[in-house]
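Participant: One structure, as structure tokens, below. Some questions next.
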Amino acid sequence: MNQYESMFILTPVLSDEQLREAVERYRTLLKDNGCEVINDESWGLRKLAYPIQKKSTGFYHLFEFKADPAFIDQLELTYRRDERIIRFGTFRQDKHAMAYSEKRRAKKSAKS
């Protein structure tokens, strides 16, 4: 199993309930396929670097998880089919990215 980081941007026209439902859908998709969710962060509404589908903001959400490499194709296909998602990216983390993520999480939890 490899460790991955997956971020997606949801359209800003969603209500809070629709937003929670969309995130919960992907959380359960990960768990149902035997993934170990390491980190689950909502970054909230942020300005996009450039307009996407005539929208200048979006709701960012990040998952860090361990999964079988074959699952990633299924996950990205589900992202593509969801009209609420305007952009996504999934990356396999190497040892340096994992160390950076751990430091970032530790720093965030120390602030809390």
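Participant: Kindly provide the set of residues from the range 70-112 that are hydroxyl-bearing (S, T, Y) and without any contact (Cβ under 8 Å) to a residue 12 or more places away in the chain, ordered by number. Please lay out each step first, then the result.
Facilitator: Looking only at the range 70-112, we keep the residues that are hydroxyl-bearing (S, T, Y), and these are 78-79, 90, 100-101, 109, 112.
Once the filter is applied, which keeps residues that are hydroxyl-bearing (S, T, Y) and without any contact (Cβ under 8 Å) to a residue 12 or more places away in the chain, the range 70-112 yields Y100, S109, S112.
Participant: Is one or more of the residues making up the range 61-72 more than 16 Å from the chain's Cα centre (by Cα) and loosely packed, with under 11 Cβ neighbours inside 10 Å? Working first, answer last.
Facilitator: At the first step, the residues of the range 61-72 found to be more than 16 Å from the chain's Cα centre (by Cα) are 68-70.
Now narrow it down to the ones that are loosely packed, with under 11 Cβ neighbours inside 10 Å: 69-70.
Yes, the range 61-72 contains at least one residue that is more than 16 Å from the chain's Cα centre (by Cα) and loosely packed, with under 11 Cβ neighbours inside 10 Å.
Participant: When residues of the range 8-26 are filtered for being over 12 Å from L75 (Cβ atoms) and surrounded by fewer than 18 Cβ atoms within 10 Å (Cβ to Cβ), how many remain?
Facilitator: Initial filter on the range 8-26 (over 12 Å from L75 (Cβ atoms)): 9-24.
Now restrict to residues that are surrounded by fewer than 18 Cβ atoms within 10 Å (Cβ to Cβ): 12-18, 20-21, 23-24.
Selection size over the range 8-26: 11.
Participant: Please give the number of the condition E21 fails out of (1) closer than 18 Å to Q93 by Cβ; (2) without any contact (Cβ under 8 Å) to a residue 40 or more places away in the chain; (3) of a type outside the set (F, W, Y).
Facilitator: Result: E21 fails condition (1) only.
Participant: If L19 meets every condition in (1) more than 11 Å from the chain's Cα centre (by Cα); (2) within 23 Å of A106 (Cα to Cα) apart from one, which number is that one?
Facilitator: In the conditions (1) more than 11 Å from the chain's Cα centre (by Cα); (2) within 23 Å of A106 (Cα to Cα), L19 misses (2) alone.
Taken together, the values in this text are just the output of simple stated rules run on the coordinates, not laboratory data. Since the structure is predicted, the reported quantities are computational estimates derived from the model, not experimental observations. Virtual Cβ from ideal backbone geometry, glycine too; neighbours counted across all protein chains shown.
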